[in-house]
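Asker: Have a look at this one before I ask anything.
The values are calculated or read from the model by the stated rules, or taken from the named source; none is laboratory data. All figures in this text were calculated on a predicted structure; none of them were measured in a lab. Cβ placement follows ideal geometry from the backbone for every residue including glycine, while neighbour counts extend to all protein chains displayed.
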């Protein structure tokens with residue numbers, strides 16, 4: 001399994017959590033973004049900077065992605081593309097996207113986009129919090145424990 005991190009807008013609160021998991025489990029990790037970001041220095045982490053553009057990082061992740069890999073992203077369309085390749089996705093707030101729930105998340109995202117495009121002012125997501133970081137840590141740990149048992 002390779003762990004891919006959609007580095008664009010990756011919350012700073014999650015960096016030490018993710019770094020500890022990578023080091024503890026010797027997880028091959030590729031961080032992809034359109035600017036330089038740093039989670040930490042490790043022989044298990046490769047950093048890849050792609051060209052500027054709305055979906056450049058997403059496209060690179062999907063290109064490299066293999067079955068049963070894990071992607072960490074808050075981008076629901078990327079999570080959908082990940083699930084379609086029989087891989088796994090977790091968002092920054094700890095939601096595990098699955099074949100059972102990804103279409104619902106995608107439909108809600110698209111509906112909210114249509115509402116915003118019509119000129120309606122909608123609230124964005126709540127500010128990222130320590131509680132969100134804890135939910136992410138719990139979900140990541142649960143997923144990785146399950147994956148380690150399967151191996």
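Asker: If residue 79 satisfies every condition in (1) in a helix (DSSP H, G or I); (2) at pLDDT 95 or above; (3) more than 23 Å from residue 129 (Cβ to Cβ) but one, which is the exception?
Answerer: (3)
Asker: In addition: Listed residues 131, 123; which is loosely packed, with under 10 Cβ neighbours inside 10 Å and over 22 Å from residue 78 (Cβ atoms)?
Answerer: Values: 131 fails: loosely packed, with under 10 Cβ neighbours inside 10 Å.
Within the list 131, 123, the selection yields 123.
Asker: Something else now. Look at residue 115 and say whether it is crowded, with 18+ Cβ neighbours inside 10 Å, without any contact (Cβ under 8 Å) to a residue 60 or more places away in the chain and more than 24 Å from residue 36 (Cα to Cα).
Answerer: Details: crowded, with 18+ Cβ neighbours inside 10 Å: no; without any contact (Cβ under 8 Å) to a residue 60 or more places away in the chain: yes; more than 24 Å from residue 36 (Cα to Cα): yes.
No: the conditions fail for residue 115.
Asker: Residue 143: in contact (Cβ under 8 Å) with a residue 40 or more places away in the chain, farther than 20 Å from residue 8 by Cα, part of a helix (DSSP H, G or I) and more than 16 Å from the chain's Cα centre (by Cα), yes or no?
Answerer: Working: in contact (Cβ under 8 Å) with a residue 40 or more places away in the chain: yes; farther than 20 Å from residue 8 by Cα: yes; part of a helix (DSSP H, G or I): yes; more than 16 Å from the chain's Cα centre (by Cα): no.
Criteria not met by residue 143.
Asker: So residue 60 passes all but one of these: (1) farther than 15 Å from residue 18 by Cβ; (2) part of a helix (DSSP H, G or I); (3) out of contact with any strand residue (DSSP E or B) (no Cβ under 9 Å at 6 or more places or on another chain). Which condition number does it fail?
Answerer: Among (1) farther than 15 Å from residue 18 by Cβ; (2) part of a helix (DSSP H, G or I); (3) out of contact with any strand residue (DSSP E or B) (no Cβ under 9 Å at 6 or more places or on another chain), residue 60 violates only (3).
Asker: Here's another thing I want to ask about it. Among 23, 67, which is the only one that is modelled with pLDDT of 95 or more, part of a loop (DSSP other than H, G, I, E, B) and under 24 Å from residue 142 (Cα atoms)? Let's see the steps before the verdict.
Answerer: On the way: 23 fails: part of a loop (DSSP other than H, G, I, E, B).
Exactly one of 23, 67 is modelled with pLDDT of 95 or more, part of a loop (DSSP other than H, G, I, E, B) and under 24 Å from residue 142 (Cα atoms), namely 67.
Asker: Let me ask something additional. Taking residue 5 as the residue in question, decide whether it is crowded, with 18+ Cβ neighbours inside 10 Å, in contact with a strand residue (DSSP E or B) (Cβ under 9 Å, 6 or more places away or on another chain) and under 21 Å from residue 131 (Cα atoms). Walk me through it before giving the result.
Answerer: Details: crowded, with 18+ Cβ neighbours inside 10 Å: yes; in contact with a strand residue (DSSP E or B) (Cβ under 9 Å, 6 or more places away or on another chain): yes; under 21 Å from residue 131 (Cα atoms): yes.
Judged against the criteria, residue 5 is a match.
Asker: Still on this model: With 28, 35 as the choices, which residue is within 21 Å of residue 148 (Cβ to Cβ), over 13 Å from the mean Cα position of the chain (by Cα) and surrounded by fewer than 18 Cβ atoms within 10 Å (Cβ to Cβ)?
Answerer: Numbers: 35 fails: within 21 Å of residue 148 (Cβ to Cβ).
None of the other options fit; the residue is 28.
Asker: A further question follows. Looking for whichever is in contact (Cβ under 8 Å) with a residue 60 or more places away in the chain and touching a helix residue (DSSP H, G or I) at 6+ places or on another chain (Cβ under 8 Å) here; the options are 79, 137. Which one fits? Quick ask: steps written out before the conclusion?
Answerer: Details: 79 fails: in contact (Cβ under 8 Å) with a residue 60 or more places away in the chain.
Result of the check over 79, 137: 137.
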